[in-house]
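Scroll down for the structure; my scribbles are underneath it.
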Ligand code: PLP
């Protein structure tokens with residue numbers, strides 16, 4: 001019996017022994033194509049020599065020095081690299097380095113709160129986010145998350161937040177409504193919610209520029225985020241872009257906010273930032289936010305022991321340099337387009353595949369019991385979990401999710417392979433996924 005507190009206390013997961021490029025290898029020597037990079041983490045695959053060498057080199061110089069006493073070279077350099085590549089209008093921002101996406105979200109919420117205290121608007125303490133979103137598992141991040149299932153157990157100890165609709169055209173777009181009109185209609189829910197709460201009480205709106213963990217991958221409609229920015233500006237509300245999953249190249253650009261032409265006040269990134277080589281996340285404060293704190297108290301009212309970890313920051317620098325040196329953003333765009341095409345060819349007419357969507361190498365399928373009515377499979381069927389297990393048995397790691405409540409108990413399969421994949425890997429992903437779906441969805445239904 002394992003002494004590790006695994007997620008499922010009654011079974012021990014397969015033992016991963018080593019990584020080999022886009023493959024993981026278990027203790028029996030079985031190989032798995034890591035087509036989700038865990039949860040959209042391993043963007044360079046496994047065992048990349050450049051990142052490994054950077055980690056070893058940094059360990060030879062300095063592993064850690066507490067931020068109360070020192071700064072260090074890798075964190076200074078990485079912060080500058082991130083600020084230099086931030087979306088237009090971000091300005092001379094500042095970056096805090098943390099250990100996980102959830103911590104980055106906590107820091108974002110705290111920064112937003114501190115910003116309003118510093119500028120003399122202490123009444124602004126409320127957060128608005130979107131239903132069916134996921135922002136992490138710590139209590140603050142759970143409180144702003146719109147994943148009803150994950151919140152349920154902790155509801156009594158969560159701060160009160162409010163949620164508006166996500167931009168989720170497959171389920172919500174009305175017949176005859178253009179994409180733009182749909183996007184503006186749901187964005188305008190933010191305006192209504194801010195007015196309902198009272199603008200003087202609202203600190204920030206939080207959204208994933210591409211929804212990830214809860215709905216597969218859902219990019220917004222054109223014009224949606226421009227309207228969101230307009231509404232935030234109208235009411236003096238900050239916009240926090242949670243790019244923990246979709247940022248750092250996953251969608252074909254370092255920041256999805258830049259693709260959307262929107263200027264966030266605070267950005268969170270994680271996953272691809274360390275690519276799994278080190279646990280690292282970042283909260284990026286724009287010039288507006290960092291400048292207000294600098295001009296006010298001058299002191300960040302938040303801190304953690306492992307902030308700005310030198311080895312983690314050195315790994316991230318190597319990850320970003322590798323993406324640049326190997327032209328991987330181009331590969332994400334090319335392989336993303338190919339993966340999307342192949343998924344559409346293979347499953348576009350599948351009776352249980354309702355939608356195929358995504359951007360870059362963040363692609364997903366939404367599974368339905370009936371394509372016409374879009375009726376999801378019953379949650380008790382545990383479809384996502386069965387697909388995950390079956391695919392793993394066939395040598396494919398994909399990331400299914402299910403059951404986000406709010407009336408939709410949908411099942412999704414997320415694909416987020418390494419940026420280094422080639423056309424052969426794309427074929428292998430689609431073929432193996434097809435076999436997993438065929439084995440999981442009863443033939444009578446297809
Ligand atoms: N935000 C988003 C959009 C995520 O997808 C996740 C994790 O999946 C998080 C935050 C939380 O990150 P972590 O699991 O590193 O705490």
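Within the stretch 212-238, count every residue that is more than 15 Å from the ligand (Cβ to nearest atom) and touching a helix residue (DSSP H, G or I) at 6+ places or on another chain (Cβ under 9 Å).
So the answer is 16.
Is it true that residue 197 is in contact (Cβ under 8 Å) with a residue 12 or more places away in the chain, on the phi < 0 side of the Ramachandran plot, in the same structural domain as residue 134 (by TED's automatic domain parsing) and surrounded by fewer than 17 Cβ atoms within 10 Å (Cβ to Cβ)? So residue 197 passes the test.
Considering the stretch 359-401 alone, what residues qualify as being assigned to a loop (DSSP other than H, G, I, E, B) and within 21 Å of the chain's Cα centre (by Cα)? Steps first, please.
First, pick out the residues of the stretch 359-401 that are assigned to a loop (DSSP other than H, G, I, E, B): 360-361, 368-369, 371-374, 376-378, 382, 394-395, 398.
Residues satisfying the conditions are 360, 361, 398.
Would you call residue 205 buried (at least 18 other Cβ atoms within 10 Å of the Cβ), under 25 Å from the mean Cα position of the chain (by Cα) and part of a helix (DSSP H, G or I)? Taking the combined requirement at face value, the residue does not satisfy it. Contact map, the stretch 28-41: first residue in a strand (DSSP E or B), second residue within 16 Å of the ligand (Cβ to nearest atom), Cβ cut-off under 7 Å, separation 6 or more or different chains; pairs are 32/397; 33/397; 34/42; 34/397.
Take the conditions within 20 Å of the chain's Cα centre (by Cα), away from the ligand (no atom under 15 Å from the Cβ) and over 30 Å from residue 420 (Cα atoms) and apply them to residue 164. Does it pass? Before the answer, list the steps.
Details: within 20 Å of the chain's Cα centre (by Cα): yes; away from the ligand (no atom under 15 Å from the Cβ): yes; over 30 Å from residue 420 (Cα atoms): yes.
Spelling it out, residue 164 is indeed within 20 Å of the chain's Cα centre (by Cα), away from the ligand (no atom under 15 Å from the Cβ) and over 30 Å from residue 420 (Cα atoms).
Among the residues of the stretch 263-301, which ones are part of a loop (DSSP other than H, G, I, E, B) and within 16 Å of the ligand (Cβ to nearest atom)? Please lay out each step first, then the result.
Restricting attention to the stretch 263-301, the residues satisfying the condition of being part of a loop (DSSP other than H, G, I, E, B) are 263-265, 270, 274, 276-277, 279-280, 286, 296-301.
Within the stretch 263-301, 264, 270, 274, 276, 277, 279, 280 meet the criteria.
In the stretch 10-25, is there at least one residue being in a loop (DSSP other than H, G, I, E, B), over 27 Å from the mean Cα position of the chain (by Cα) and modelled with pLDDT under 95? Checked the stretch 10-25: at least one residue is in a loop (DSSP other than H, G, I, E, B), over 27 Å from the mean Cα position of the chain (by Cα) and modelled with pLDDT under 95.
For (1) surrounded by fewer than 24 Cβ atoms within 10 Å (Cβ to Cβ); (2) without any contact (Cβ under 8 Å) to a residue 40 or more places away in the chain; (3) part of a helix (DSSP H, G or I), each residue gets a yes or a no:
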| site | (1), (2), (3) |
| --- | --- |
| 103 | no, no, yes |
| 109 | no, no, yes |
| 112 | no, no, yes |
| 115 | no, no, yes |
| 120 | yes, yes, no |
| 124 | yes, no, no |
| 128 | yes, no, no |
| 135 | no, no, no |
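From the list 310, 281, 285, 251, the one residue that fits, being more than 23 Å from the chain's Cα centre (by Cα), crowded, with 21+ Cβ neighbours inside 10 Å and assigned by TED's automatic domain parsing to the domain that holds residue 102, is 310. Hey, does the stretch 177-184 have a residue that's farther than 30 Å from residue 416 by Cβ and surrounded by 22 or more Cβ atoms within 10 Å (Cβ to Cβ)? No, that holds for no residue. Quick check on residue 4: is it under 23 Å from the mean Cα position of the chain (by Cα) and not in a strand (DSSP E or B)? Judged against the criteria, residue 4 is not a match. Scanning the stretch 75-94 turns up no residue that is surrounded by fewer than 21 Cβ atoms within 10 Å (Cβ to Cβ), within 16 Å of the ligand (Cβ to nearest atom) and either free of Cβ contacts under 8 Å to residues at least 40 places away in the same chain or not in a loop (DSSP other than H, G, I, E, B) (or both).
What about residue 174, is it free of Cβ contacts under 8 Å to residues at least 24 places away in the same chain and farther than 30 Å from residue 322 by Cα? Yes. Go through the stretch 251-262 and give me each residue that's touching a strand residue (DSSP E or B) at 6+ places or on another chain (Cβ under 9 Å), over 15 Å from residue 289 (Cβ atoms) and not in a loop (DSSP other than H, G, I, E, B). The answer is 256, 259. Give me the residue from the stretch 35-74 that is crowded, with 19+ Cβ neighbours inside 10 Å and within 16 Å of the ligand (Cβ to nearest atom) and, out of that set, modelled with the lowest pLDDT. Applying the filter and picking the extreme gives 37. The single condition among (1) in a helix (DSSP H, G or I); (2) more than 26 Å from residue 256 (Cα to Cα); (3) touching a residue at least 12 places away in the same chain (Cβ under 8 Å) that residue 56 does not satisfy is (3).
The values are calculated or read from the model by the stated rules, or taken from the named source; none is laboratory data. Here the structure is a predicted model, which is why all the values come from computation and not from measurement. Using ideal geometry, Cβ is built from the backbone for each residue, glycine included, and neighbour counts are taken over all protein chains shown.
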